[in-house]
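Every number in this text was worked out from the coordinates using simple rules, so none of it is lab data. Everything numeric in this text was worked out from a predicted model, so none of it was measured. Positions of Cβ are generated from backbone atoms using ideal geometry, with glycine treated the same way; all protein chains shown enter the neighbour counts.
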Amino acid sequence: MDRESIVAAGVLLVGDIIFSGGLRIDGEVRGNVRSIDGQAATLVIGEHGCVDGNIEVSRVVIHGLVTGHVHGRDTVELQATARVNCDVEYTAAEILPGAIIQGRLMHRKQTARNEEPRAMLAA
């Protein structure tokens, strides 16, 4: 990442975030998070970070809590401390043991974005 912005622990941000480069959330965001005009960008949600809203970025790494809809256009990484209470769309995914998913996992082919996602039930 050439640029990284941070929503620090203890910060509550209410509203949508549109960013480029990289963004790390260690605080709480109540709003949608997406990259500028679909540009390649990385979002990292720290272990104590929380997003209550939709996420649409090329790469997302989740250690904390997400409630909303996650769309990782390229990759979604769910770390062992991740708690995801929503549907997750992905092209490639890495899910570590301990991650909790309460929603559907929907695979999308990278070359065919207009196709409907295939749903997989998460336990």
Worksheet entry | For F19, residues with placed amide H under 5 Å, excluding near neighbours | R34, S35, I36
Practice prompt. Indicate, rounded to the nearest 5 percent, the antiparallel portion of the DSSP beta bridges found entirely in the chain.
Written response: 5 percent
Discussion item. Show me, for region 23-40, the HN-Hα J-couplings you get by feeding each phi into the Karplus relation (A = 6.51, B = -1.76, C = 1.60, θ = phi - 60°), rounded to Hz, glycine and proline as x.
Written reply: 9, 10, 10, 10, x, 10, 10, 10, x, 7, 10, 8, 8, 5, 6, x, 5, 4
Worksheet item: In what sequence do D16, D52, D37 fall when counting other Cβ within 10 Å, fewest first?
Response: D37, D16, D52
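Hey, what D do you get for region 1-114 in µm²/s if you plug the Kirkwood alpha-carbon radius into Stokes-Einstein at 20 °C and 1.002 mPa s?
Working: Rh = 13.6 Å.
D, rounded to a whole number, is 157 µm²/s.
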